[in-house]
Amino acid sequence: MRFPFLPAFLSLGLLAAGCNSPTSPTDTAAETAATQPADQTKYVLIVHGGAGTILKSTMTPEKEAAYRAALTKALQTGYDQLQAGKTSLDAVEAAIHILEDSPLFNAGKGAVFTHAGRNEMDAAIMDGQTLQAGAVAGVTVIRNPISAARAVMDKSEHVMMVGAGAEQFARQTGLTLVDPRYFYTDERWKGLQDAIKEDSTKSRLDHDDKKTARLGGGQHDYKFGTVGCVALDKAGNLAAGTSTGGMTNKKFGRVGDAPLIGAGTYANNATAGISCTGWGEFFIRSVVAHDISALMEYKGLSVDEATRTVLAKVEKLGGDGGLIALDRQGHASLPFNTEGMYRGTITADGKIEVKIYKE
């Protein structure tokens, strides 16, 4: 650095002092880094299996063990992909396959029934590096909807396909199709019958129920079984994916937030990968996943600050649920405002942690 307007001895003095301005952004950042303890935990993959009224008092030890085993298997499967040098998209898809193939979760094999007695599934996936995305909604014969969403992203010029068209596309791209009876489980069928019975006993004069319906929540599940995954690969790229069977007893082709890019699913290397689970209408209205990303990008919030800020907005509107988020530095956030959320993390060194209840 040169100071032609200063005497030579003063210039030399400044040079000897290092010529550092106390307001230099580089110096400030270096000083901050030196005074703050480094976060040694780097997460590379997170999964969720839904949030809602999940209580230890109503969970048998056997069923809790089954949930923990399925979440652990999903985490390990995704992690193995990352360790093998595969992309975050590959890891997300592989982890969600495990959850879709389990009858425990409201996705794929465990999808809930609509009012008409069908299983209609939605899914989405997004690449944080390119901002490419794919989604399907209202599909009934695709074994793994998350793979259909990826096919839409990778093999078409579109972002979302629905219903029979999405199924035709899945068939053409070689995805596994199944008879709709594959998705039947006794537990989900019983859940539909209970929901229909509950509907039939509601008073038509209950104005509170009518108000709730107008706000976007007339059909409220008390356990949201959506599954999701976010991952960070060795190249530093993020991806997010979400898959769901929707809402028990849903009518009229209702679609929730899971397949909507920016509502239930979003990924951007500049901010975070996000997958949501909850009362979909409120997550759509709050554009939850993108709002988190926007707060990080435009206001400089941390991933945890952003997720909690947005979830508080959802709660203020009357919605509930949870989400998982992971930024490019490996910082994770898993907030929820329900009694529990099936969730799990795995760190860069392979340490797995699975949780279900509030802690």
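The values are calculated or read from the model by the stated rules, or taken from the named source; none is laboratory data. Worth saying up front: this structure is predicted, and the values here are computed from it rather than measured. Note: ideal-geometry Cβ built from the backbone for every residue, glycine included; neighbour counts use all protein chains shown. Just so you know, the surface numbers come from the protein's heavy atoms only, side chains and all, with ligands and any DNA or RNA stripped out. Shrake-Rupley method; radii C 1.70, N 1.55, O 1.52, S 1.80 Å.
Taking all protein chains together and rolling a 1.4 Å probe, TYR357 ends up with roughly 30 Å² accessible.
Which whole-number percent gives the relative contact order of the stretch 221-359, counting Cα pairs below 8 Å spaced six or more residues apart? Spell out each step's value before the answer.
Working: 284 pairs, mean separation 27.6, N = 139.
Value for the stretch 221-359: 20 percent.
Ordered from longest to shortest, the equivalent ellipsoid semi-axes for the stretch 45-199 are 27, 22, 12 Å, each the square root of 5 times a Cα gyration tensor eigenvalue. For GLY128, the residues whose amide H sits under 5 Å from its own are LEU238, ALA239, ALA240, ignoring neighbours fewer than 5 places away on the same chain, with H placed 1.01 Å from N.
In this simple spin-label approximation, LYS234 and GLU359 carry label points 7 Å from Cα along the Cα→Cβ vector, and these lie 2.9 nm apart. Net charge of the neighbourhood of GLN81, taken over other residues with C-beta under 10 Å away and scored Lys/Arg +1, Asp/Glu -1, is -3.
Across the stretch 279-326, the volume of the C-alpha convex hull divided among the residues equals 63 Å³ per residue. Other residues lying with their Cβ under 9 Å from the Cβ of ALA239 contribute a combined charge of -4, Lys and Arg counting +1, Asp and Glu -1. The stretch between ASP80 and ASP304 holds 78.0 nm of extra length on full extension. This uses 0.36 nm per residue minus the Cα-Cα distance.
For LYS234, a cut-off of 14 angstrom between C-alpha atoms picks up these aspartates and glutamates, skipping any fewer than 8 places away in its own chain: ASP80, ASP90, ASP327, ASP349.
So what does the Cα-only Debye profile of the stretch 293-359 read at q = 0.15, 0.17 Å⁻¹, as log10 I(q)/I(0), no solvent term? The Cα Debye sum returns log10 ratios of -0.53, -0.67.
Each peptide among 154-164, 241-251, 45-55 gets the average number of other Cβ atoms lying within 10 Å of its residues, and from highest to lowest they stand as 241-251, 45-55, 154-164.
Which of the pairs LYS42/LYS316; LYS86/LYS358; LYS63/LYS250; LYS63/LYS316; LYS42/LYS355 have their Cα atoms more than 28 Å apart in this structure?
Details: LYS42/LYS316 32 Å; LYS86/LYS358 33 Å; LYS63/LYS250 26 Å; LYS63/LYS316 33 Å; LYS42/LYS355 18 Å.
Over 28 Å apart, Cα to Cα: LYS42/LYS316; LYS86/LYS358; LYS63/LYS316.
What the pair-distance distribution of the stretch 246-306 shows, using all Cα-Cα distances binned every 10 Å from zero, is 25, 47, 20, 8, 0 percent.
Step by step: find N for the stretch 254-346, compute 2.2 N^0.38 Å, then divide the Cα radius of gyration by it. What's the final number? Walk me through the intermediate numbers first.
Details: Rg = 11.8 Å, N = 93, 2.2 N^0.38 = 12.3 Å.
Working it through for the stretch 254-346, the quotient is 0.96.
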